[in-house]
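The values are calculated or read from the model by the stated rules, or taken from the named source; none is laboratory data. What you see is a predicted model; the values in this text were computed from it and never measured. Here the Cβ positions follow ideal geometry from the backbone for every residue, glycine too, while neighbour counts run over all protein chains shown.
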Amino acid sequence: MGRYSNLRGRALLFLLFLWLLWFLNFSVRIILSPILPVIEDEFMVTHAQASGIFIFLSVGYGVSVILSGFFSGRLGYKKSIVLSLALLSLATFLIPFVHTFFLLYLFALVLGLAVGTYIPSVIPLITEYYPEKDWGKAISIHDTGASISILTTPFVAIALLGLVPWRGIFVVFGCIFLACAIVLCFACSEVKIGGAPRAMFRDILKMRSLWVMTVLFAFGVGANLGIYSIIPLYLTKELHLNIGYANSVLGVSRLGSVGVAISCGFLIDRFSLKRIMFPMMAVAGVFTIFMGLVSVRHMGIVLFLQAVFITGFFPVGLVAIAKIFTREMRGLATGMILAVSMVIGSGAVPWLLGVSGDLYSFRLGIIILGLLTTAASTLIFRLKELD
């Protein structure tokens, strides 16, 4: 397969299509957050039960990214993503038929299994299509799909809820995923890399950097998606804002995150990865603490600043993974790191915050998460491979 020599023309067009796929994958994963108060009221469940959806979503995601790390290279990264899109289309078409709350746990698990295949497949695909000198820009541009998804999903939810019941939102997603699967079949050639042998798997497990990156990503995801998942509940149930206003605050708070994600792609080429990752994560931890301390009046400002800094961590972190691990290790290592970090950060963290909301308050859980995230940021200096 030919490698693109720059980020212009067809190379940029292909990257933008991958960006769209990441945007859609991320959107369907987080759409449950802005509509969660509606689901909670309809099924009359507790905060912890409602937040439990994210545990099943994250467990499915974790299992999928690990399996993807083993098999996507052999099967083919293009084929893996097409299968992921097809499963997402099927699952989202079936969700409207759910009328028992606990069945949502099952479908959350299936959604997690489907979306988990994407990142471990697309990162090796990007590093094969683009030269190493453009990895920072390509991965950062691609990663803005998540930032823009986080920004726009609350507004999309508000708009669609004005037109259709919450179940209808998933029908819209089903149609889009089906169309994207068809387009991808013709958009690029297949890329296959021999899967990592068991001996290499053991070698990866012995690498200290694997576990350092896993801890960093776990707290990064917790401070990002974990917080994002429960903010609508926090604002509506504890701070007594209406759902439309709460989702507007949540969406506007993500405006700055898009710019910082793009900027990081250019900073990576100029500065040490450690010098970018540490302040991004440490300051995000501090603002997470403030999120549990400030009044409603200042909540929007704190949400905005926290989102700016924690969003900047991820594109730099993905480039760090690409540089730490060899070509043969990269897909499996990415899958392992994302599997554990997503189960903890986007599954256990929102559930624990929901438990905190039931037993005491959301504020206490958010403050503890901020303290742990700030402390975890110091582990960045243990990544010797990035010196």
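Listing for the model above:
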{"read-out": "Evaluation of A339 against (1) modelled with pLDDT of 90 or more; (2) of a type in the set (G, A, S); (3) within 19 Å of the chain's Cα centre (by Cα) (one fails), failing number", "value": "(1)"}
{"read-out": "Cross-chain or 6+ apart pairs with Cβ under 6 Å, the range 113-124 first and closer than 13 Å to V82 by Cα, then among the charged types (D, E, K, R)", "value": "V115/R29"}
{"read-out": "Single match in L94, L57, L103, L75 (criterion: within 22 Å of P37 (Cα to Cα) and in contact with a Lys or Arg (Cβ under 8 Å, 6 or more places away or on another chain))", "value": "L57"}
{"read-out": "Residue ranges of helices (runs of 4 or more DSSP H) in the range 22-101 with at least 1 members farther than 30 Å from A246 by Cα and touching a residue at least 24 places away in the same chain (Cβ under 8 Å)", "value": "47-75, 77-94"}
{"read-out": "Residue in the range 1-8 that is free of Cβ contacts under 8 Å to residues at least 12 places away in the same chain, surrounded by fewer than 18 Cβ atoms within 10 Å (Cβ to Cβ), over 22 Å from F155 (Cα atoms) and charged (D, E, K, R) present", "value": "yes"}
{"read-out": "Flag if T288 is surrounded by fewer than 18 Cβ atoms within 10 Å (Cβ to Cβ) and β-branched (V, I, T)", "value": "no"}
{"read-out": "Out of L163, L106, sole residue that is out of contact with any helix residue (DSSP H, G or I) (no Cβ under 9 Å at 6 or more places or on another chain), farther than 26 Å from G312 by Cα, surrounded by fewer than 24 Cβ atoms within 10 Å (Cβ to Cβ) and at pLDDT 85 or above", "value": "L163"}
{"read-out": "Cβ pairs under 6 Å, 6+ apart, first in the range 153-178 and within 22 Å of L90 (Cβ to Cβ), second among the aromatic types (F, W, Y)", "value": "G174/F93"}
{"read-out": "Test result for V59, at pLDDT 85 or above, surrounded by fewer than 18 Cβ atoms within 10 Å (Cβ to Cβ) and under 19 Å from A348 (Cα atoms)", "value": "no"}
{"read-out": "Test: residue in the range 98-109 that is β-branched (V, I, T) and closer than 16 Å to E190 by Cα", "value": "no"}
{"read-out": "Residue, modelled with the highest pLDDT, within the range 184-202, restricted to residues that are surrounded by 14 or more Cβ atoms within 10 Å (Cβ to Cβ) and in a helix (DSSP H, G or I)", "value": "L184"}
{"read-out": "One residue from S272, S295 being out of contact with any Gly (no Cβ under 9 Å at 6 or more places or on another chain), within 29 Å of E385 (Cβ to Cβ) and among the small types (G, A, S)", "value": "S272"}
{"read-out": "Candidate set from the range 206-245 (those that are without any contact (Cβ under 8 Å) to a residue 24 or more places away in the chain and either outside any loop (DSSP other than H, G, I, E, B) or of a type in the set (G, A, S) (or both)); member that is farthest from V38 (Cα to Cα)", "value": "K206"}
{"read-out": "Restricting the range 347-382 to residues that are more than 19 Å from the chain's Cα centre (by Cα), among the polar types (S, T, N, Q) and under 20 Å from Y234 (Cα atoms), the residue that is surrounded by the most Cβ atoms within 10 Å (Cβ to Cβ)", "value": "S356"}
{"read-out": "Helices (runs of 4 or more DSSP H) (entirely within the range 286-387) containing at least 2 residues that are under 22 Å from E128 (Cβ atoms)", "value": "296-324, 327-342"}
{"read-out": "Residue within the range 128-140 that is assigned to a helix (DSSP H, G or I), modelled with pLDDT of 85 or more and crowded, with 21+ Cβ neighbours inside 10 Å present", "value": "no"}
{"read-out": "Of all residues making up the range 291-312, the number that are within 21 Å of L372 (Cβ to Cβ), modelled with pLDDT under 85 and surrounded by fewer than 18 Cβ atoms within 10 Å (Cβ to Cβ)", "value": "0"}
{"read-out": "Residues (modelled with pLDDT of 75 or more and of a type in the set (S, T, Y)) located in the range 251-271", "value": "S253"}
{"read-out": "S149, sole failed condition from (1) in a helix (DSSP H, G or I); (2) of a type in the set (S, T, Y); (3) modelled with pLDDT under 85", "value": "(3)"}
